[in-house]
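Visitor: For reference, the structure I am asking about is given below.
Nothing in this text is a laboratory measurement; each read-out follows from the coordinates by a stated rule. In this text, all values refer to a predicted model and were calculated from it rather than measured experimentally. Methodologically, a virtual Cβ is constructed for each residue, glycine included, from the backbone with ideal geometry; neighbour enumeration extends over all protein chains shown.
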Amino acid sequence: MTGRDVPEIDETLAILVEVIDKMSPPRSEGPGVILTLSGLVVSGRVIPRWQWFDEVEHASRAAFTVHTGGSIDDEHGGWATLFRDVSETLMQDHDEYAAVKDAVQSLPERYRRRLAHIDPTNFIHLREARVFSPGGAALPGNGMHWRGRLSEISGWSFGLLETAPPADAIDNPGHHV
């Protein structure tokens, strides 16, 4: 924490996330990261926040599809609609950002710095994320969409944690890759 009781955020990680949040089109493979927070380790691929909400909306549409009167009604549960609305808002924000990017670049540096603090990046969005507890297995085994607060992350590195050790590590436990 800083003197003003504002949680510290790793500036390098925040810049990485900010750059990825502004990317388009959707990414099938984001950079892999390993995050430590509150005694847990989370590993997954960083994707833009608008893409995260879009993918969560599609997943919720599939998960909350109900059958009414012999037909499929994916709006009945309401969750898909909620995520679709958030996704559409983020897509609109992303499009607006792209439209004003050149105008902001023409401003003097001091104004660009001020504008950067108006809408700070506060969350990281992962796909194929797994949570590793001390001495425990990765949950879920096939990965999930995960959203985390940057101010809660105490350490990070590039890479992905595997859910099982490589076969040669089992055959030769004294050998480290």
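Visitor: What distance in nm separates the two pseudo spin-label positions at Met23 and Arg147, each 7 Å out from Cα along the beta-carbon direction?
Guide: In this crude spin-label approximation the distance works out to 1.9 nm.
Visitor: Can you give me the distance in nm between label points at Tyr111 and Leu161, each placed 7 Å from the Cα along the Cα-to-Cβ direction?
Guide: 4.6
Visitor: Can you tell me the length gained on complete extension of the stretch Glu11 to Val104, counting 0.36 nm per residue apart and subtracting the Cα distance? Could the numbers behind the result be given before it?
Guide: Working: separation 93, 0.36 × 93 = 33.48 nm, distance 2.12 nm.
So the chain would gain 31.4 nm between Glu11 and Val104.
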